[in-house]
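Taking it in order: structure first as C-alpha cells, then the write-up.
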Amino acid sequence: MINILILGGTTEASALAQALAERNISATFSYAGRVATLKPQPLPVRVGGFGGVEGLITYLQTHRITHLIDATHPFAGQMSQHAVEASQATGVPLIALTRPAWESQPGDHWHIVPDIDAAVDALSGDSQRVMLAIGRMHLPAFSVQPQHHYLLRLVDAPYSPPPLPEHSVVVDRGPFTLDGDLALLREHAIDVVVCKNAGGTGAAAKLVAARQLGLFVIMINRPPSPQRQEVHCVDAVLDWLDQTTERGV
Ligand code: 3Y8
Ligand code: NAP
C-alpha cells in the first residue's frame, strides 16, 4: 500500500501534490510552518519540523511511509540532508524533485556570489536602490550596508522593523508575474536586485524584468545538495513511483 510523504514548500511540490491527488494516491504534504498562512494543498497537510533526523525517522516508521519525496527549495539544505539520512536509516526510497539552477541569458548583468555574506560585500559603495528578494531570514546581514534604500519582498509583514534604516516592504508570495515584477522594479526605481538561485518558474519573473530594464542582479548560488536521485519534473516522479511499487500506480 503506497503511502508518500512530500517535503514541500515550492511551486513544484504543489504541482506534484495536485498530480497525486488527481490519481488518488495516498500522500501527506509537509510544511515547515515558516510563514503565517500556508498555501492550501489537495492532500492532507502536516506543519512543523520533525525534530531532526531522528524525528523524521520516527515519522516515516510510525506513519508507514513507503516513499519520501523531497520537493523542498534548493536553499532548504538541512531538510534535504535529513531526508537523505532518514532514507538511508529506514530504507524508505527517496527522490528529490528539484529545479535546475537559473543561468544568465544574453542581456543579463549578473554578479554571481557564493553566499549571502558575499552578496552583502558586493553592495559596498555608494547608495543605491536595492531590491532584496531573499525573504526574511537573512535581512540582518545587510545592516552593515545601511547606505542603500532597500525594497524588501516578504511573505509575511515583518513582526518588527527590519534592521535597515531606509527600507520599504512589499508583502507578497509567489509565483510572481513579469508584469507585476516590472511594475514593482519601476515603481521603486530599483538599481540592483539581490536574489537566490532558486531556479524554477515561481520566482523567475524578477530576472526577466531586470534584464528588460537593464538592472544589475546579485545572484546567490545555491548550497551544494546532498547525493540523492534528482528529477526535474512531476512525470519523472510518477515514473519513479511506478518503478518502485510492485503493482505500479
Ligand atoms: C513556507 C509555502 C507555491 C510555492 C511558492 C518557488 C516559488 C514563491 C521563490 C522573491 C523570492 C524566497 C522565499 C520564495 C520562493 C516560491 C514558492 C518560493 C522566495 C513559500 C511557502 C513557504 C515559504 C518560506 C519562505 C522563506 C523564504 C522563501 C520567500 C507557501 C511561499 C525569498 C526564497 O518569512 C519567512 O520565514 C520566509 C521564509 C523560507 C526565505 C527566507 O529566507 O525568508 N520561502 N515560501 C514553507 C514551509 O513552511 O514549509 O505558503 O506556499 C513557498 C514559495 N517560496 O506553491 O506557490 O517554488 O521557488 N520564497 C528565495 O528563493 O529566495 C521569494 O521574492 O522573488
Ligand atoms: P531548512 O533550513 O533546510 O530546514 C530547517 C528545518 O526546518 C529542518 O531541519 C526541519 O526541521 C524543518 N523543515 C524544513 N522544511 C520542512 C518541511 N517541508 N516539512 C517539515 N519540516 C521542515 O529549511 P528552510 O530553508 O527553513 O525552508 C523551510 C521551508 O520553506 C521548506 O518547506 C522549503 O521548501 C521552503 N522554502 C524555503 C526557501 C529558502 O529560501 N530556504 C525558499 C522557498 C521555500 P526538523 O529538523 O525539526 O525536522
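The values are calculated or read from the model by the stated rules, or taken from the named source; none is laboratory data. As the structure is a prediction and not an experimental result, all values here were calculated from the model. Virtual Cβ from ideal backbone geometry, glycine too; neighbours counted across all protein chains shown. Ligands, DNA and RNA are excluded from the accessible area calculation, which covers all protein heavy atoms including side chains. Shrake-Rupley method; radii C 1.70, N 1.55, O 1.52, S 1.80 Å.
Size descriptors for region 54-112: radius of gyration and Dmax over Cα atoms are 16.0, 52 Å. Across region 125-238, Cα-Cα distances exceeding 23 Å account for 34% of all pairs.
When you work out D = kT/(6 pi eta Rh) for region 16-132 at 10 °C and 1.306 mPa s, using the Kirkwood radius from C-alpha pairs as Rh and the Stokes-Einstein form, the result is 92 µm²/s. Largest first, the extents of the alpha carbon coordinates of region 81-163 on the three principal axes equal 54, 40, 21 Å.
Element breakdown for region 1-92 at a 1.4 angstrom probe: carbon and sulfur atoms account for 52% of the accessible area. Cα extents for region 200-249 along the principal axes, largest to smallest and rounded to whole angstrom: 53, 22, 9. Comparing L185, I95, S127 along the charge dipole axis of the chain, the residue lying farthest to the positive side is I95, per the Cβ-charge model. Here the chain is treated as an ellipsoid with the same Cα gyration tensor; its semi-axes, largest first and in whole Å, are 36, 18, 16. Per residue, the chain exposes 48 Å² of accessible surface when a 1.4 Å probe is rolled over the protein heavy atoms with every protein chain present. Once all protein chains are placed together, C233 keeps about 60 Å² accessible to a 1.4 angstrom probe. For the chain, the mean residue ellipticity at 222 nm estimated from helices alone is -8500 deg cm²/dmol, where every DSSP H run of n ≥ 4 contributes -39500 (n - 2.57) and the total is divided by all residues, rounded to the nearest 500.
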